[in-house]
Amino acid sequence: MTPLPCVLLIDDDTTTNFLNRTLLTRLGVAERILVAEDGEQALRNLNQYCLPPTPNCPVLILLDVNMPGMNGIEFLTEYQQLPLVEQQAIVIVMLTTSLHPRDVQRVEQLNLVAGFISKPLTSDKVQELLHTHFPSEPAA
């Protein structure tokens, strides 16, 4: 598989970010992996790398729901206001330990998320995500 240009991990847990980054690196998923520990930092990354688009603009975002500060749902609400939403297709997948039905409903109402994956992220889950959302990428 040809690596994706860039993936953005958004999670407040540094251990989770380390493990996910290590897994994605080992699998050769992306040329670059950016990490943000909350929604505000993620928005700064998007503003820096996607307006105008650069090679560091992520094509995939793995987003945690529950984070202190700006949580995943608040991030999505702010993300929706960015001009890049119209200019570039970024696949956003919620990566979380538990999904309260209320949170699922709120996320689905925003109509920005391509799917949900339960933690922990595994090789099989990554392969399925890539197969589902990036099918035009050549197979290894």
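Observations
- The charge dipole of the chain, taken about its Cα centre with unit charges on the Cβ of Lys, Arg, Asp and Glu (plus for the first two, minus for the last two), comes to roughly 260 debye.
- Normalised alpha carbon radius of gyration of the chain [divisor 2.2 N^0.38 Å]: 0.97
- Over the chain, DSSP H runs of length four or greater, each weighted -39,500 (n - 2.57), average out per residue to a 222 nm ellipticity of -12500 deg cm²/dmol.
- Beta bridge orientation in the chain: antiparallel %, DSSP, nearest 5: 5
Each reported figure results from applying straightforward, stated rules to the coordinates on display, with no laboratory input. Not measured: the values here are computed from a predicted model. Positions of Cβ are backbone-derived with ideal geometry, glycine not excepted, and every protein chain shown enters the neighbour counts.
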